[in-house]
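J.: Got a structure for you, written out below as structure tokens; questions coming shortly.
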Amino acid sequence: MGRLSLFSGSLDASRRYALVAVERGIERVGEDGAELLYEIPGAMEAEGALEVGERVEVPLGKKKVGGVVVGVGGTELLGDLDPLKVRVIAKRSGAMLPGPLVELAKWIAGYYVCPLGMVLGTMVPSAVKREIGRREEVVLVRSDVAAPEKMTAPVRALWEKVVALPAVPMTPIAMKIELGESTLRGINKLVKLGLLREEMREVIRSRGNAVQEQAFGGDKSVTLSDEQNAVVNGIVPELGPVGKFGVHLLYGVTGSGKTEVYLRLIRAMLAQRPDASAIVLVPEIALTPQASERFSQRFADLGVAVLHSGLSASRRHSEWARVASGEARVVVGARSAVFAPVPMLGLVVVDEEHDTSYKQDQLPRYHARDVAIKRAQIEGCAVVLGSATPSLESWANAGGERHSPQRHGGTEKSGEGEKSKDGGDAIHEHDHSVVGRETGRSKYRLWKLTKRVGGGELPRIKIVDMYQERQEARQLGLRDPSVLPTLRRALLATLKEGSQAILLLNRRGFATYVGCAGGATCGWVLGCERCDARMILHRDASLKSGELVRCHHCLSECVVPRVCPNCSRGLVRLGAGTQRVEEELQPLLEELSMGPEALIRVDRDTMRTARDYFEALATFASGRARLMLGTQMIAKGLDFPGVRLVGVVNADTGLNLPDFRAGERTFQLISQVSGRAGRADSRGAVIIQTMEPQNPAIVLASEHAFERFASTELAARRQFGLPPASRMARVVCRDEKQSAVRTRSVALAEWLRAWSSRHVGGGVKVRGPSEPPVTRIADQFRLGIELVAARAGLVQEALRAARNEGLVKSDAKTAVDVDPVSLM
């Protein structure tokens, strides 16, 4: 427990000690994080040796806290500590993390600048820590007692049926059902005769959240296309009995059959490695029902577990235990499933690898895609990253530019790989500890699926100018519509022919602006009292007024004033969210003699639980709903053959954000949602409404031209020294007092600049402190500092040095984000 005191007396060599990483924000007690020394009680050792990875409870101050054992040894761990002052482990908790996960946690703690104990605490779900659903039950097993000669004929017949059962424990009720008995009377007689023996065993009982079979049409057997065959045959040799680390980027257009490739690769790996398991990550909980159903049906013989935060506590504990025991060999889940405790890992698949949902927005701020790559390296297995719009980091790592149809300035070819004109790496170095340094070859292997399976064509995409469309709408007598004439006509035609449509608007609520009708004369706008942001209007039928405003940052709510508090004028409600569009679409549905049930709205306000997602998607898949309106959660990974039209209500919602990735995000979102159209025997159509019809991100997305977009964008990133041409970390300082956050952030930025100048010759550029777009959230003023360097190692050195000086801490006042995906 640190260097508490010197000790020079004799030591009891029989005593055993453990280093425990406690689940608290303790900074750098040990080399890798919060490692405290505890004595292992003799009674605990008698139960079985304590192992690295076991979760325990230990005293810390006046409380008992959870922690994970990261080291075990004898008196050599004491050093100069007085053994009389080393406290004793309170108890084992039962959960066990495999050794590779402990090693992975140490890497995450160092790379993402987070206490080790908090990383390990994240790896073990709360339901497992609290042992939700765990209980003891009586089971019956066959004993070694010979059957007595004197038994009635019915009892002997029953015993013969028991002997024919598998020699596994069964509860009395399960045995009764298996034997076809109406009561337990006969089984109780066998227990009394000693032929069956009662034993106690621990089980985990779960409730709810089971996957409903055939909800989405089930798994269909398909014949691989030539492109799919080439990918499978190319990767399978690396999935052999020994296993080999490698990263494969599968770039496939929407509908090209990436999921079928994943299924074939998993089956091939499991056939060669009968003791290994596979993990499949999907970015959103909304995608797990479709994915888990398809994987469950394909691998019913091997067991499939589903892991995500939307499961009930007992269900999550049950699934986690199935994975840990090896009962389930295929794991499907969202971000946290990367920590699934599989006994041996043989393959990791990261679907929609570009998605920002893989980035955790609270401590530890890890990126599941990058963590998956590191875990695969530790366990010596392959990882497959799949996307129709790969992240520029992955595309650069796979050398995608070298295969693009168009090259741009800023780089030159050489036998050493691509170098920028200033000598820095043009290809993003994912992490030197994961993939090593540039050796003239790409770090990832690139595979392409350029055609839709079954000969289907990519949808026709039309860009419409919202300014011109609004003029036409006024001529038609439509009052400030969100669905403008061209999209409206296409929507009516699609629904009339019996097909389905999807509308995307990446903005929740009814109106995004509530202010005085006097405009600039008064200037009053309804903003959040705790944040420097506008409140969003939401309609709520349960309220007397029928509406309220909510802050989407701190979630504060208040009623809407009847008039402007400054000048008593009326209020205007401007801007459109999904609620307003839903209301606007009701007359259109009535025109087609459709009820409100024909429309499903999918956003965070309507989808409060995983079951809500599942039911909404199942309803749409069945055809009972004909129109789906939603935010970005409906844009990716979903496959509904009946969809013939996709409409992007406003493509500009994220385009002009003050973030260098705004164009990339817009391209990805438009491309992904466009891919939902025309996936079966019809080509489908997409209509994009925008105020910037000439914007390159929108134009290239409409042309399905990812490679040209990536080439252009990467050239711009190199020009301005932005990721993936460089590495970045962001430190956000927070405080209730504006002067305090200013003082602290200025001091930190100056210290970092001085450190960079002294130790790395200015190799780490320090930007800021500067105000982020939202300067105050939940009464906390914010200032951001950005660290940019050519290599990840330089950024890590700077952060470690600042952490050792006590300038960067894992607390409420500081947020450290390594490889940030958003600068908001």
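J.: What GluC sites (Glu not before Pro) does segment 242-343 have in DSSP loop regions with at most 14 other beta carbons within 10 Å?
T.: Details: sites: GLU260, GLU284, GLU293, GLU319, GLU327; in loops: GLU284, GLU327.
When the GluC sites (Glu not before Pro) of segment 242-343 are filtered for loop state and at most 14 Cβ neighbours within 10 Å, GLU327 remain.
J.: In addition: For segment 118-165, what log10 I(q)/I(0) values come out of the Debye formula at q = 0.13, 0.25 1/Å, with one point per alpha carbon and no solvent?
T.: Values returned for q = 0.13, 0.25 Å⁻¹ are -0.56, -0.99.
J.: So how far apart, in nm, are the two label points at SER325 and THR619 if each is 7 Å from Cα heading toward Cβ?
T.: The modelled label-to-label distance comes out at 3.7 nm.
J.: Scan around LEU446 for amide H atoms under 5 Å from its own, H built in the peptide plane at 1.01 Å from N, and keep only partners 5 or more places away or cross-chain.
T.: Residues meeting the amide H criterion: LEU249.
J.: Nothing charged except the Cβ atoms of Lys and Arg (+1) and of Asp and Glu (-1): what's the magnitude of the dipole of the chain about its Cα centre? Round to the nearest 20 debye.
T.: 860 debye
J.: Please list 173-185, 86-98 highest first by mean number of surrounding beta-carbon atoms within 10 Å per residue.
T.: Averaged packing, sorted descending, gives the order 86-98, 173-185.
J.: Separate question: So what is the 222 nm mean residue ellipticity for the chain from helices alone, if each DSSP H run of at least 4 adds -39500 (n - 2.57) and you divide by all residues, rounding to the nearest 500 deg cm²/dmol? Please report the intermediate quantities before stating the final value.
T.: Values: 23 runs with 248 residues, N = 824.
My calculation for the chain gives -9000 deg cm²/dmol from helical runs alone.
J.: So for the pair VAL525, ASP652, with labels modelled 7 Å out along Cα→Cβ, what separation do we get in nm?
T.: The modelled label-to-label distance comes out at 1.6 nm.
J.: Continuing with this model, one more query. Ignoring ligands, DNA and RNA, how do MET170, MET123 rank by accessible area with a 1.4 Å probe, largest first? Could the numbers behind the result be given before it?
T.: Numbers: MET170 30, MET123 5 Å².
Ranking MET170, MET123 by accessible area, largest first, yields MET170, MET123.
J.: If you don't mind, another one. Compute, for segment 298-339, the length of the dipole vector about the Cα centre, with Cβ point charges of +1 (Lys, Arg) and -1 (Asp, Glu) only. Units Debye, rounded to 20.
T.: Dipole about the Cα centre, nearest 20: 120 debye.
J.: Could you calculate the contour length gain from THR609 to ARG479, that is, 0.36 nm times the residue separation minus the distance between their Cα atoms, to one decimal place in nm?
T.: Length gained, THR609 through ARG479: 43.3 nm.
J.: Pop the C-beta distance of ARG87 and ALA778 into the FRET formula with R0 = 30 Å and round what comes out to the nearest 0.05.
T.: Once rounded, the FRET efficiency stands at 0.20.
J.: Mind checking Rg over Rh on segment 517-615, alpha carbons, Kirkwood formula for Rh? Write out the running numbers ahead of the final one.
T.: On the way: Rg = 16.4 Å, Rh = 15.9 Å.
Ratio value, two decimals: 1.03.
J.: Taking a 1.4 Å probe, which of LEU446, LEU158 shows the most accessible area, and what order do the others take after it? Numbers along the way, then the final one.
T.: Values: LEU446 35, LEU158 10 Å².
These residues rank, largest area first, as LEU446, LEU158.
J.: Something else now. Provide the per-residue ³J(HN,Hα) series for segment 661-676, in order, calculated from phi with Karplus coefficients 6.51, -1.76, 1.60 and θ = phi - 60°, each as a whole number of Hz, with x at glycine and proline positions.
T.: Residue by residue, segment 661-676 yields 8, 4, x, 4, 5, 5, 4, 4, 5, 5, 5, 5, 5, 4, x, 6 Hz.
J.: If you don't mind, another one. Applying the Karplus parametrisation 6.51 cos²θ - 1.76 cosθ + 1.60 with θ = phi - 60° to the phi angles of segment 451-459, what ³J(HN,Hα) value in whole Hz is obtained for each residue in order, glycine and proline being reported as x?
T.: 10, 6, 5, x, x, x, 9, 5, x
J.: Now a separate question. From the residues LEU249, LEU503, PRO59, which one has its Cα farthest along the dipole of the chain in the positive direction, the dipole being from +1 and -1 charges on Cβ of Lys/Arg and Asp/Glu about the Cα centre?
T.: Of the candidates, LEU503 comes out farthest on the positive side.
J.: Next up: Provide the per residue accessible area, probe 1.4 Å, for the chain, rounded to a whole number of square angstrom.
T.: Numbers: 35570 Å² over 824 residues.
Per-residue accessible area for the chain comes out at 43 Å².
J.: Give the percent of DSSP beta bridges with both residues in the chain that are antiparallel, rounded to the nearest 5.
T.: Rounded to the nearest five, the antiparallel share is 55 percent.
J.: Segment 531-597: which trypsin sites (Lys or Arg not before Pro) are DSSP loop and have at most 14 other beta-carbon atoms within 10 angstrom?
T.: Of the trypsin sites (Lys or Arg not before Pro), the ones in loops of segment 531-597 whose Cβ has at most 14 other Cβ atoms within 10 Å are LYS544, ARG562.
J.: Something else now. In bins 20 Å wide, starting from 0, what share of all Cα pairs of the chain does each bin hold, as a percent?
T.: In whole percents, the pair-distance histogram is 13, 42, 34, 10, 1, 0.
J.: Express in nm, to one decimal, how much length is gained between VAL559 and SER182 on full extension, taking 0.36 nm for each residue of separation and deducting their alpha carbon distance.
T.: Values: separation 377, 0.36 × 377 = 135.72 nm, distance 6.10 nm.
Separation in residues times 0.36 nm, less the Cα-Cα distance, equals 129.6 nm.
J.: State, to one decimal in nm, how far the label point of ASP301 lies from the label point of LEU193, with both points 7 Å from Cα in the Cβ direction.
T.: It works out to 3.8 nm between the two label points.
J.: Okay, moving on. Please give me, ordered by residue number, the trypsin sites (Lys or Arg not before Pro) of segment 686-784 that lie in loop per DSSP and have at most 16 other Cβ atoms within 10 Å.
T.: Details: sites: ARG708, ARG717, ARG718, ARG727, ARG730, ARG734, LYS737, ARG742, ARG744, ARG753, ARG758, LYS765, ARG767, ARG776, ARG782; in loops: LYS737.
Filter output for segment 686-784: LYS737.
J.: If R₀ is 51 angstrom, what is the calculated FRET efficiency for the pair GLN586 and ARG767, using the beta carbon separation as r and rounding to 0.05?
T.: Taking R0 as 51 Å, the efficiency between GLN586 and ARG767 is 0.55.
J.: On alpha carbon coordinates alone, what is the Rg over Rh value for segment 19-152, Rh being the Kirkwood radius?
T.: Value, to two decimals: 1.17.
J.: In the chain, carbon and sulfur make up what percent of the accessible area (probe 1.4 Å)?
T.: Details: 17260 of 35570 Å².
Roughly 49 percent of what the probe reaches on the chain is carbon or sulfur.
J.: What FRET efficiency comes out for HIS759 versus SER542 if R0 is 60 angstrom and r is the Cβ-Cβ distance? Round to the nearest 0.05.
T.: 0.50
The values are calculated or read from the model by the stated rules, or taken from the named source; none is laboratory data. These numbers come from a predicted model, not from an experiment. Methodologically, a virtual Cβ is constructed for each residue, glycine included, from the backbone with ideal geometry; neighbour enumeration extends over all protein chains shown. SASA here: full protein model, heavy atoms, side chains in, ligands and nucleic acids out. Shrake-Rupley method; radii C 1.70, N 1.55, O 1.52, S 1.80 Å.
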